[in-house]
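One structure is given below, encoded as structure tokens.
The values are calculated or read from the model by the stated rules, or taken from the named source; none is laboratory data. Treat the numbers as computed from the prediction; the structure is a model and nothing was measured. Cβ placement follows ideal geometry from the backbone for every residue including glycine, while neighbour counts extend to all protein chains displayed.
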Amino acid sequence: MTDTATQPVADTAATRTDDTAYDVPADATAHTCSYCGRPFARESWLALHRGLAHPNELDDEEIEAFRAAHDEEEESLSTFRLQALGALVLIYFGFLMVYALV
């Protein structure tokens, strides 16, 4: 299993392989990708990143973490879609009622 512990931001710059600069506050800790050095604020975001950017390099525990994070993210997106649809329906019928009264 690779290291999933939080690391200070200074450590992430030393392991980075590209020249992309990340703006992470100095007092914040980051979950750092052991493959590319990219920092993430949440461990679930790191698991999603690893599954999408480094799928061939993952061990069984990282694959399971990716699947769990993916399922959680999919559930959150489904909830958001339903809430957005509900809001649009309310706005539509609200405008329809206003139009009917005017």
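For the stretch 72-90, indicate whether the set of residues that are touching a residue at least 12 places away in the same chain (Cβ under 8 Å) and not polar (S, T, N, Q) is non-empty. Give the derivation first.
Initially, the stretch 72-90 is screened for residues touching a residue at least 12 places away in the same chain (Cβ under 8 Å), giving 72-73.
Subset that is not polar (S, T, N, Q): 72-73.
So far as the stretch 72-90 goes, yes, one or more of its residues are touching a residue at least 12 places away in the same chain (Cβ under 8 Å) and not polar (S, T, N, Q).
Please pick out the residue among Gly37, Gly51 that is surrounded by 15 or more Cβ atoms within 10 Å (Cβ to Cβ), at pLDDT 80 or above and in a loop (DSSP other than H, G, I, E, B). Reasoning before the result, please.
Numbers: Gly51 fails: in a loop (DSSP other than H, G, I, E, B).
Checking each option against the conditions leaves just Gly37.
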*asked:* of a type outside the set (D, E, K, R), exposed (fewer than 11 other Cβ atoms within 10 Å of the Cβ) and either out of contact with any Phe, Trp or Tyr (no Cβ under 8 Å at 6 or more places or on another chain) or modelled with pLDDT of 95 or more (or both): which single residue out of Phe95, Phe66 fits that description?
replied: Phe95
